[in-house]
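Taking it in order: structure first as structure tokens, then the write-up.
The values are calculated or read from the model by the stated rules, or taken from the named source; none is laboratory data. The structure displayed is predicted, hence computed values, not measured ones. Neighbour counts run over all protein chains shown; Cβ positions are idealised from the backbone, glycine included.
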Amino acid sequence: MRLSSTAGRSKTALALTGAGGLLLVAGIAGLGPAPASSSSHREAPLIAGLPQYDTTDLYAFRSPERENTVTLIANWIPFEEPGGGPNFYSFATDARYNIKVDNDGDTKPDVTFRWTFKDHYVSGDTFLYATGPVTSLNDENLNYYQTYRLERIANKKTKVLVKNRRVVPSDVGEGSMPDYGELRRAGVTKAGPGDRYRTFAGQAEDPFFLDLRVFDLLYGGDFSEAGDDTLAGFNVNSVALQVPRDALADRGNVEANPIIGIWSTTDRRGVDGKYRQVSRLGMPLVNEVVIPLKDKNRFNASRPSNDTQFLDYVTKPELPKLIEAVYGVDAPAEPRNDLVSVFLTGVEGLNQPEGVTPSEQLRLNMTTPVTEDPSSLGVLGGDTQGFPNGRRLADDVIDIALQVVEGELVGQPNDLGDGVGANDVEFLDVFPYLALPARGSDPAPHSASAPSPREQDGLQGAIDDLLGNGVVPLLLTGAGGGGLLAGAVLMVRNHRRPRLLPAS
């Protein structure tokens, strides 16, 4: 089974969520109402200048090939250009990279996994990252490398899971690393008591897929810019950990306490030696498009226990108003009280723990069976193992968020999307699942997903014709790139051209 599944849609399957289904569909919007925005790429003014500390995405899902474990993945350093030498990409050595788990719903971390890193140089007398072909992680030709330490912190006790393991390096290119796949395989190791854990740290292709040109007046104001995976060909630095479920559940009892909440943080050491939190990520898209500029830095430094301070941004989301102004699509009525349950508590009957204290976390029910036929639309597509019940690499959180923010199943059904329905490269079938990074030797790493000039001209011509007939193409669904014209197009009847926010 591949995690890079195609989207399947079955509205009748939403009945599986019972009464929580309606809350679920509405709630995703509050968690991330965005047509397209990186999950956490340069999302706040301060962190935008600190890429080594910037968490880009967080994933948590039941492992398909080891179902008694949960896989946790967190990524840092957005927009890594593959050929960005001579100093390629590394984790910060003055940071603590954390994945935190709340297993009793009280907003406080009960289990924390913490990674710290060290730099190592073979020689300072060369400018090269690799001085010859690197055929193993211990190859002396790898002039610069990092090692990491991984700790599990619970009940005020710290246990070392990994004392000193090599980080898989940046993929400099074919000359320096002729078999990068072998380096990746060597970077996956067993760890913890009884070797029950699997662990990985290193570079990977950015698994998030979307069209970032939303920031140009929502795809140019007429959607002429959509459908290109603008993260294609960029890499990230990743940590991945496969954890036994009983090491996550409250009191180790998975059946009695199956639901966990997960978020990641980055702590940076100051000149006084103290660590301060500078980045935070749970559910995708929150700090990008739910939190306004004035509070973005504050959210990154905040704790889940204080999340009710951001409640008004959920009940009165900005994005539907922008879509209405630009494309003439009516925004759902406010206040969006229907969003509160999922945004702060999880969905009753799916991934809401008993006695939960409201807070923003990525919540996962560890007993939801692994599906043999995954849908990239997750629960919205009838697949209860998918987002927002955790998050898998292939879950299309952009399309899910867009459809629900515009009122799917609350009076305004739609099939909206950003034209990018899957990652540009396939994910792996086994841990750590992440695709290999784009190579530094690739002369055009970002070109594969871009539509050809002919396709672009054809798309623009079709849009111009529709606009001339009074039809506004709201959003295009499909696989992105050349698949746009063949994909389904959702049209919204309108008797005026879209415009930006009306003058006050």
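For the range 220-236, a residue qualifies if it is in contact with a helix residue (DSSP H, G or I) (Cβ under 8 Å, 6 or more places away or on another chain) and touching a residue at least 12 places away in the same chain (Cβ under 8 Å), and the qualifying residues are Gly221, Asp222, Phe223, Ser224, Glu225, Ala226, Gly227, Asp228, Asp229, Thr230, Leu231. Checked against (1) buried (at least 20 other Cβ atoms within 10 Å of the Cβ); (2) over 27 Å from Phe61 (Cβ atoms), Thr131 passes all but a single condition, namely (1). In the range 367-385, the residues that are without any contact (Cβ under 8 Å) to a residue 60 or more places away in the chain reach residues that are among the small types (Gly, Ala, Ser) and assigned to a loop (DSSP other than H, G, I, E, B) with C-beta atoms within less than 7 angstrom, at least six apart or across chains, in these pairs: Gly378/Gly386. Does at least one position in the range 207-217 carry a residue that is part of a strand (DSSP E or B), modelled with pLDDT of 90 or more and surrounded by 24 or more Cβ atoms within 10 Å (Cβ to Cβ)? Scanning the range 207-217 turns up no residue that is part of a strand (DSSP E or B), modelled with pLDDT of 90 or more and surrounded by 24 or more Cβ atoms within 10 Å (Cβ to Cβ). Here Val254 fits the description: in contact (Cβ under 8 Å) with a residue 24 or more places away in the chain, on the phi < 0 side of the Ramachandran plot, of a type in the set (Val, Ile, Thr) and not in a strand (DSSP E or B).
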